[in-house]
Each structure stands twice: as C-alpha cells, then as structure tokens.
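Take a look at the structure below.
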Amino acid sequence: MRKKSEFRDHIAADGPFAPESGRYHLYISHACPWAHRTLLARHLLGLDDHVTVDVVDWRMNRDGSWSFNPEEPGATADSVNGEMHLEGIYNRAFNGWTASGKVGTVPVLWDKAQSTIVNNESREIIRMFDTLAQQIGNKTTLCPQELKNEIDAMIDANYEKVNNGVYKSGFARTQAAYERAVTELFARLDELEHHLEQRHYLCGQEKGVLTEADICLFTTLVRFDLVYVVHFKCNLRRIIDYPNLQAFVERMLALPGVRETCDWHHIKWHYFWSHESLNPYRIVPLGPAEGPHHQAI
C-alpha cells in the first residue's frame with residue numbers, strides 16, 4: 001500500500017502560489033520513477049531555467065529517508081535550505097514532522113517565497129508544470145484540454161497495475177500476493193503492447209501525441225529490464241520482448257534531452273543497494289547487456 005501525499009497545494013494565478021520564474025524548486029531522486037516524472041515534465045515544458053532542482057543521494061537510508069551528498073556524482077547539496085536530509089525540508093514546512101516519525105518522499109515542490117512545500121504528489125506536480133509552462137515555459141502542453149479525460153483515464157489504468165504493480169510484485173510477502181500482482185502487471189503490459197501497435201503515443205487520434213500519460217508510463221518501463229525483472233521478480237517477459245513497448249521506450253529516449261534525465265547508475269544502484277530485505281548482500285548485477293540502458297554496465 002503506497003502512502004498518500006501530505007502536501008496538495010497548487011500553483012495558480014489566483015492563489016497563494018503564483019506562477020513565477022525562479023520561485024519554485026524541485027527536490028528529486030534520479031532513482032525514483034515518480035520523481036523522474038517531474039524532472040521530465042520540467043524539461044519537456046521548457047522550465048529548466050525557471051524551476052531549480054536538487055538531487056538526493058541514490059542511497060536510501062534504512063528508515064526509507066533520503067540524504068543530500070554533493071560528493072556523489074549526479075547528486076547535489078541542498079542549495080536552497082542547506083539541509084543535510086530531506087526530512088529537514090519537510091520539517092521546515094510542517095513543524096514537528098521529524099518527531100511524528102513520518103518519512104519524507106520525493107518529489108517535493110518547494111516555494112522559495114513562502115519557504116514551504118507546495119506539493120509532493122508527482123502527478124499533480126507535472127500538471128502544475130503544464131500550467132506554469134503557459135506562463136513562463138515554452139507554451140507547449142502535455143495535457144491538451146480536449147484530451148484531459150483520456151489522459152487521466154490512461155494514467156489511472158496504468159497506475160495500480162504497472163507503476164505500482166512492479167512494487168506490489170517486488171515487496172509481496174506471500175506467494176499468492178506476488179502472483180496476483182505480477183499477473184495483473186503483465187496482463188496490462190500485454191494490453192499496452194496491443195494499444196501501441198499502430199501508435200507512437202498513448203493518447204490522441206491516429207499516432208497519438210506526447211502527453212503526461214506517456215511520461216508516467218515511460219519512467220516505469222525504462223527501469224523495467226534494468227531493475228524490476230530481477231529485483232522485483234517481474235520476469236514473465238522483459239520490455240525488450242515487447243516490440244511496441246520497446247519502440248515506445250526508445251522513441252521517448254530519442255526526444256531531445258530525455259536520455260539526459262536518466263541516471264542509470266543512480267537507478268540501478270539505488271534499488272539493489274537500498275532494499276536489503278530483498279538483496280541482503282547488496283550485490284548489483286552486471287546486466288542487462290542489451291536495451292536502451294546498456295551503457296549502465
């Protein structure tokens with residue numbers, strides 16, 4: 001069961017969080033598919049120069065928390081608040097957070113003007129970035145109004161069975177729970193393979209157009225063969241065994257700047273090192289030797 005996000009405010013012209021360049025800051029982990037969504041949306045919507053970013057270390061602490069480590073390639077210090085741990089960010093927004101025993105998750109959208117967290121729900125952050133792009137970004141959209149219902153339905157259909165399905169498979173504590181989750185996961189992947197047979201993207205007419213739905217699926221699929229097949233026992237098939245899903249992943253990676261948002265080292269080493277209950281000796285496999293992430297080896 002995935003915990004709910006606690007901060008659910010929104011950037012809006014008529015609210016306390018106005019759309020302004022340089023005001024907002026994103027805290028992410030390169031390892032996390034949910035955080036990766038927000039980094040991708042930020043880039044694709046032309047917000048790189050308007051929303052700043054800091055990156056936590058790929059090593060998750062034993063309690064599930066994250067730390068900053070500027071000595072680690074690909075990670076950074078906390079350039080806004082100077083905290084050593086993500087918990088400090090949450091504690092600034094909610095006095096007593098640390099004492100409550102809760103663990104702060106990524107992504108986090110921080111407001112520099114009011115020194116507080118706006119939102120820590122990835123799906124809502126990418127939708128806010130779409131709004132922000134109309135004001136200060138590249139004026140493109142990942143959620144055309146006429147496709148909004150279709151996009152939301154597609155994201156909903158993929159969330160529990162695919163995005164969260166890999167985690168339900170990997171962290172299952174009974175054979176029955178594992179088999180139920182992994183069966184639902186691959187049934188949905190089969191449906192998506194068929195859906196993409198004559199299409200480039202998930203939503204829209206004919207070949208489709210790039211939307212939030214594609215981003216939300218991509219960040220799971222790009223980790224699948226690299227991590228989930230082995231680490232989460234999602235091994236009925238690989239994404240590379242699905243011609244249309246593999247083509248979709250490669251199509252996404254070919255978009256300008258998208259591959260640069262994928263830190264294969266952070267992704268791979270985080271999962272195999274951090275989840276000691278699944279991999280107590282923290283041995284990181286060398287493969288795979290094929291696929292879009294083969295450079296990770």
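No value in this document is a laboratory result; all are computed from the given coordinates. Everything numeric in this text was worked out from a predicted model, so none of it was measured. Cβ sites come from the backbone with ideal geometry, for glycine too, and all protein chains shown count toward neighbours.
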Charge tally for neighbours of residue 119 with beta carbon under 11 Å away, counting Lys, Arg as +1 and Asp, Glu as -1, is -2
Once the dipole of region 24-136 is set up from charges on Cβ (+1 Lys and Arg, -1 Asp and Glu), the residue from the list 60, 131, 77 lying farthest towards its positive end is 131
Exposed-loop cut sites defined as chymotrypsin sites (Phe, Trp or Tyr not before Pro) in DSSP loop states with at most 16 other Cβ within 10 angstrom; longest site-free run of the chain spans 172-280
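List the GluC sites (Glu not before Pro) within region 128-230 that fall in a DSSP loop (any state other than H, G, I, E or B) and whose Cβ has at most 16 other Cβ atoms within 10 Å.
Values: sites: 146, 150, 160, 179, 184, 191, 193, 197, 206, 212; in loops: 197, 206.
Those satisfying the criteria are 197, 206.
What is the antiparallel percent of DSSP beta bridges lying wholly in the chain, to the nearest 5? Don't jump to the answer; show the numbers that get you there.
Numbers: 10 of 14 bridges.
Here the share of antiparallel DSSP bridges comes out near 70 percent.
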Residue by residue through region 273-284, the couplings from Karplus 6.51 cos²θ - 1.76 cosθ + 1.60 with θ = phi - 60°, in Hz, x for Gly and Pro, are 8, 7, 8, 5, 5, 9, 9, x, 8, 6, 7, 9
Dividing the helical contributions, -39500 (n - 2.57) per DSSP H run of n ≥ 4, by the residues of the chain yields a 222 nm value, nearest 500 deg cm²/dmol, of -11500 deg cm²/dmol
Extension length gain for residue 254 and residue 177 (0.36 nm per residue less Cα distance), in nm, is 24.1 nm
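Where in region 237-297 are there GluC sites (Glu not before Pro) that are in a DSSP coil and have at most 14 other Cβ atoms within 10 angstrom of their Cβ?
Values: sites: 250, 260, 276, 290; in loops: 276, 290.
Loop-located and lightly packed - 276, 290.
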Quick calc: nm separation of the 7 Å Cα→Cβ label points for residue 153 and residue 114 -> 3.5 nm
In whole Hz, the Karplus estimates of ³J(HN,Hα) for region 27-40 (6.51, -1.76, 1.60; θ = phi - 60°; x where Gly or Pro) are 9, 9, 10, 5, 6, 7, x, 5, 5, 4, 3, 5, 5, 5
Residue span residue 190 to residue 77: 0.36 nm per residue of separation minus Cα-Cα distance leaves a gain in nm of 36.5 nm
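Please report the relative contact order for the chain, taking Cα pairs under 8 Å with a sequence separation of at least 6, and give it as a percent rounded to a whole number. List each step's numbers first, then the result.
Details: 488 pairs, mean separation 56.7, N = 297.
Rounded, it is 19 percent for the chain.
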Taking a ≥ b ≥ c as the square roots of the eigenvalues of the Cα gyration tensor, with a/c under 1.5 meaning rounded and otherwise prolate when a/b exceeds b/c and oblate if not, the chain is oblate
In whole angstrom, the spacing between the Cα centers of region 202-273 and region 110-147 equals 23 Å
Scalar couplings 3J(HN,Hα) for region 235-246 by Karplus 6.51 cos²θ - 1.76 cosθ + 1.60 (θ = phi - 60°), nearest whole Hz, x for Gly and Pro, are 10, 5, 8, 9, 5, 5, 7, 9, x, 6, 5, 5
Residues whose modelled amide H sits under 5 Å from the amide H of residue 52, counting only those 5 or more places away in sequence or on another chain, are 24, 26
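Report the trypsin sites (Lys or Arg not before Pro) located in region 99-168 that are in a DSSP loop and have at most 12 other Cβ atoms inside 10 Å of their Cβ, or state none. Walk me through the intermediate numbers first.
Numbers: sites: 102, 112, 123, 127, 139, 148, 161, 168; in loops: 102, 112, 139.
Within region 99-168, the qualifying trypsin sites (Lys or Arg not before Pro) (loop, at most 12 other Cβ atoms within 10 Å) are 139.
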tail above 24 Å in the computed P(r) of region 24-136, as % of all Cα-Cα pairs, reads 19 percent
Here the residues of region 230-267 lying in the modelled label zone of residue 286, meaning backbone nitrogen under 19 Å from a point 7 Å along Cα-to-Cβ, are 230-231, 265
By the C-alpha gyration tensor axes a ≥ b ≥ c (rounded if a/c is under 1.5, else prolate when a/b exceeds b/c, else oblate), the shape of region 101-229 is oblate
